[in-house]
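Colleague: I'd like to ask some things about the structure below.
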Amino acid sequence: MSLPGCRLQKTEFNMSWEDDDSNLIREDLKKRNYRPAQNLILNEKVKELVANSKPVYHLAFGQSPFPVVEAAQQALKEHVHEKAYEPVAGILSLREAICNYHRDLDGLQFCPDNVLVGPGTKELIFLLLTIFNGDVFLIAPTWTTYRPQCLITHHDPVVISTSFETDWKITPDVLDEVLSRPAHHKRNKLLILCNPDNPSMKGYEAHAQILCLTH
């Protein structure tokens, strides 16, 4: 891909920026070693191999191989004529249904005004990071797109490492120690926690482990 003033060069699973006299890419991104999500780069490589009739057993992408369920297809057909702009936060009836779902299933009370509907978790996280003022924390290992999103939105994420001994989970003690460090002095703190985690597949119990982390 070429842009006026810069060129994106792809080699295997690494991407690097090559500059000329007038580039369009923010200097801070290049200095902080910004890279696109590796799973997306790998997926492009897989498509290239398949197009060249190479045998590939593709286990690196979480895209569903199954067709859209019949009921959803039918609902889309019935409402295809409804093409006006909807509320930015999402259709009110859908936000109410989301509140009812978590009330009945999880015993949690939410107001529809505090629910935001989006086309996917990654976009919602990106929007949150765009306006968030505070320290951002990630765990390792975790999903590959969180760090690039942090860098694009001017955050320098703090990575909390997990280990085999902790079952690849963060513990309240570790979280307390990291949050109490002088370098992380901002009032607002955001922990992006994938549950169950990807790639470890370790899950946190909602009413026990996650509650302990929040305290």
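Colleague: Among residues belonging to region 62-77 that are part of a helix (DSSP H, G or I), open to solvent by 100 Å² or more (accessible area, probe 1.4 Å) and within 30 Å of residue 196 (Cβ to Cβ), point out the one that is modelled with the lowest pLDDT. Outline the logic, then answer.
Modeller: If we filter region 62-77 for residues that are part of a helix (DSSP H, G or I), which is where we start, we get 70-77.
Adding the requirement that they be open to solvent by 100 Å² or more (accessible area, probe 1.4 Å) leaves 70, 76-77.
From the residues that got through so far, the ones that are within 30 Å of residue 196 (Cβ to Cβ) too are 70, 76.
Working: 70: 95, 76: 91.
By that ranking, first place goes to 76.
Colleague: Another one. Given the criterion open to solvent by less than 80 Å² (accessible area, probe 1.4 Å), under 23 Å from residue 197 (Cβ atoms) and assigned to a helix (DSSP H, G or I), identify the matching residue among 43, 100. Can you show your working first?
Modeller: On the way: 100 fails: under 23 Å from residue 197 (Cβ atoms).
When all the criteria are applied, what remains is 43.
Colleague: Within region 173-192, identify whether any single residue is in contact with a Phe, Trp or Tyr (Cβ under 8 Å, 6 or more places away or on another chain) and of a type in the set (Lys, Arg), and answer yes or no.
Modeller: Checked against the condition, which is being in contact with a Phe, Trp or Tyr (Cβ under 8 Å, 6 or more places away or on another chain) and of a type in the set (Lys, Arg), region 173-192 yields at least one hit.
Colleague: Which of the residues that make up region 121-169 are assigned to a strand (DSSP E or B) and either among the small types (Gly, Ala, Ser) or more than 24 Å from residue 202 (Cα to Cα) (or both)?
Modeller: In the first step, residues of region 121-169 are kept if they are assigned to a strand (DSSP E or B); the result is 135-140, 158-161.
Those that are assigned to a strand (DSSP E or B) and either among the small types (Gly, Ala, Ser) or more than 24 Å from residue 202 (Cα to Cα) (or both): 135, 140, 161.
Colleague: Say we look at region 166-192 and pick out the residues that are out of contact with any strand residue (DSSP E or B) (no Cβ under 7 Å at 6 or more places or on another chain) and either charged (D, E, K, R) or within 17 Å of residue 146 (Cα to Cα) (or both); which of these is most open to solvent (accessible area, probe 1.4 Å)?
Modeller: So, considering only residues that are out of contact with any strand residue (DSSP E or B) (no Cβ under 7 Å at 6 or more places or on another chain) and either charged (D, E, K, R) or within 17 Å of residue 146 (Cα to Cα) (or both), the one most open to solvent (accessible area, probe 1.4 Å) is 187.
One line per residue, one yes/no per condition, for (1) open to solvent by less than 60 Å² (accessible area, probe 1.4 Å); (2) more than 22 Å from residue 25 (Cα to Cα); (3) aliphatic (A, V, I, L, M):
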{"residue": "91", "(1), (2), (3)": "no, yes, yes"}
{"residue": "96", "(1), (2), (3)": "no, yes, no"}
{"residue": "104", "(1), (2), (3)": "no, yes, no"}
{"residue": "114", "(1), (2), (3)": "no, yes, no"}
{"residue": "123", "(1), (2), (3)": "no, no, no"}
{"residue": "134", "(1), (2), (3)": "yes, yes, no"}
{"residue": "137", "(1), (2), (3)": "yes, yes, no"}
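Colleague: Oh, and also: Looking only at region 78-89, how many residues end up being open to solvent by 80 Å² or more (accessible area, probe 1.4 Å) and either part of a helix (DSSP H, G or I) or among the aliphatic types (A, V, I, L, M) (or both)? Lay out the reasoning, then the answer.
Modeller: Of region 78-89, the ones open to solvent by 80 Å² or more (accessible area, probe 1.4 Å) are 78-83, 85-86, 88.
Filter once more, keeping what is either part of a helix (DSSP H, G or I) or among the aliphatic types (A, V, I, L, M) (or both): 78, 80, 88.
Adding up the residues that qualify gives 3.
Colleague: Hey, does region 193-214 have a residue that's farther than 24 Å from residue 120 by Cα, open to solvent by less than 80 Å² (accessible area, probe 1.4 Å), in contact with a Phe, Trp or Tyr (Cβ under 8 Å, 6 or more places away or on another chain) and not in a loop (DSSP other than H, G, I, E, B)? Show your work before the answer.
Modeller: In the first step, residues of region 193-214 are kept if they are farther than 24 Å from residue 120 by Cα; the result is 207-209, 211-214.
From the residues that got through so far, the ones that are open to solvent by less than 80 Å² (accessible area, probe 1.4 Å) too are 208-209, 212-213.
If we keep only those that are in contact with a Phe, Trp or Tyr (Cβ under 8 Å, 6 or more places away or on another chain) as well, we get 213.
Checking the rest, the ones that are also not in a loop (DSSP other than H, G, I, E, B) come to 213.
Scanning region 193-214 turns up at least one residue that is farther than 24 Å from residue 120 by Cα, open to solvent by less than 80 Å² (accessible area, probe 1.4 Å), in contact with a Phe, Trp or Tyr (Cβ under 8 Å, 6 or more places away or on another chain) and not in a loop (DSSP other than H, G, I, E, B).
Colleague: Answer yes or no as to whether residue 144 is polar (S, T, N, Q), in contact (Cβ under 8 Å) with a residue 60 or more places away in the chain and under 30 Å from residue 25 (Cα atoms).
Modeller: Working: polar (S, T, N, Q): yes; in contact (Cβ under 8 Å) with a residue 60 or more places away in the chain: yes; under 30 Å from residue 25 (Cα atoms): yes.
Answer is yes for this residue.
Colleague: Something else: Take the residues of region 150-192 that are touching a residue at least 24 places away in the same chain (Cβ under 8 Å) and touching a Pro at 6+ places or on another chain (Cβ under 9 Å): which is nearest to residue 124 (Cα to Cα)?
Modeller: So the residue we want is 192.
Colleague: Okay, next question. Filter region 78-90 down to residues that are more than 27 Å from the chain's Cα centre (by Cα) and charged (D, E, K, R) and give me whichever is modelled with the highest pLDDT. Write out each step before concluding.
Modeller: Of region 78-90, the ones more than 27 Å from the chain's Cα centre (by Cα) are 78-84.
Applying the additional criterion that residues be charged (D, E, K, R) yields 78, 82-83.
Numbers: 78: 95, 82: 88, 83: 86.
Filtering region 78-90 for residues that are more than 27 Å from the chain's Cα centre (by Cα) and charged (D, E, K, R), the one modelled with the highest pLDDT comes out as 78.
The values are calculated or read from the model by the stated rules, or taken from the named source; none is laboratory data. Computed from a predicted structure; not experimentally measured. Because the Cβ atoms are built from the backbone with ideal geometry, glycine has one as well, and the counts that use them run over all protein chains shown. Note: areas computed on protein heavy atoms with side chains; ligands, DNA, RNA excluded. Shrake-Rupley method; radii C 1.70, N 1.55, O 1.52, S 1.80 Å.
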